1. If a residue must be assigned to a loop (DSSP other than H, G, I, E, B) and at negative phi, how many such residues does the stretch 131-154 contain?
2. Considering only residues that are closer than 26 Å to residue 43 by Cα and part of a loop (DSSP other than H, G, I, E, B), which ones fall in the stretch 73-100?
3. Might you check whether a residue that is among the hydroxyl-bearing types (Ser, Thr, Tyr) and touching a helix residue (DSSP H, G or I) at 6+ places or on another chain (Cβ under 9 Å) occurs anywhere in the stretch 76-92?
4. Here are 175, 128, 182: which of them is in a helix (DSSP H, G or I), under 17 Å from residue 79 (Cβ atoms), in the same structural domain as residue 79 (by TED's automatic domain parsing) and among the acidic types (Asp, Glu)?
5. Restricting to the stretch 144-197, count the residues that are closer than 28 Å to residue 116 by Cβ, among the hydroxyl-bearing types (Ser, Thr, Tyr) and surrounded by 11 or more Cβ atoms within 10 Å (Cβ to Cβ).
6. Of the residues 114, 103, only one is modelled with pLDDT under 90, within 30 Å of residue 42 (Cβ to Cβ), touching a strand residue (DSSP E or B) at 6+ places or on another chain (Cβ under 8 Å) and outside any helix (DSSP H, G or I); which?
7. Looking at the stretch 24-67, which of its residues are of a type in the set (Val, Ile, Thr) and out of contact with any Lys or Arg (no Cβ under 9 Å at 6 or more places or on another chain)?
Amino acid sequence: MFVPTIYQPEIDSKVQKVTIENSKLHHLKKVLRIKDYDRVNVSNGTGQLFLGQLVNDNVEINSLKNYERKESLTVFVPYLREKNRFRFMIEKLVELGVTRLFIGKTQNTQNTNIDYEKIQSWAISALEQSGTPFFPQIVTTESIDYSIFDTCFDLTGSSFTKDSPKLNTFAIGPEGGWSPEELSNFKYIYKISDFSLRTETAAISAVSLML
């Protein structure tokens, strides 16, 4: 049975009642048809899931579940100009439990502004839809930091399979590929296919292999 989840990052384990902002309350009642005493969960994004029920436009907390991440994953992905594909990638990476998500530009990324607030709203939507207790740290950047990311995926790399040692930190390149200059800055280069993959396909596949 689907139980809706609300993201409230400021709450802690002592909370007994959570006030819901008007827009989310409207969504619960008018879209999801949630009524008083129906189950509603609240996630603070740090591994705590508060189980409760809707009562007089608030969520009264009945119990708390604590979760620990199975893997700590830090991933760089390039900005995608096509909004629907970009949103799909962000949402799936949140659902899969990425710990830190860096979003930036590469030499083959089309020049455009990165809307942090929009990305944040997509990520929150993914958390609330999936019910995950974890919310990633999202960092937008103008360029990749090679002191953090020394490993990337590219068609020129060695094959990475489900039997390969797991990676905790890696970068996904744009569909045009990394430039030779960018590739020279990585210590390790792998590939997950012999053929070109869309950026969102490569990102989701790579993260799935690490879980």
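1. The total comes to 13.
2. Answer for the stretch 73-100, where residues must be closer than 26 Å to residue 43 by Cα and part of a loop (DSSP other than H, G, I, E, B): 73, 97, 98, 99.
3. yes
4. Going through 175, 128, 182 in turn, the sole match is 182.
5. Looking only at that region, the number is 4.
6. Answer to the check: 114.
7. Passing the criteria: 31, 34, 40, 42, 46.
To keep it simple, each residue is scored yes or no on (1) surrounded by 14 or more Cβ atoms within 10 Å (Cβ to Cβ); (2) touching a Phe, Trp or Tyr at 6+ places or on another chain (Cβ under 8 Å); (3) in the same structural domain as residue 121 (by TED's automatic domain parsing).
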position: 15; (1), (2), (3): yes, yes, no
position: 22; (1), (2), (3): no, no, no
position: 33; (1), (2), (3): no, no, no
position: 60; (1), (2), (3): yes, no, no
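The values are calculated or read from the model by the stated rules, or taken from the named source; none is laboratory data. Treat the numbers as computed from the prediction; the structure is a model and nothing was measured. So basically every Cβ, Gly included, is an ideal-geometry build from the backbone, and we count neighbours across all protein chains shown.
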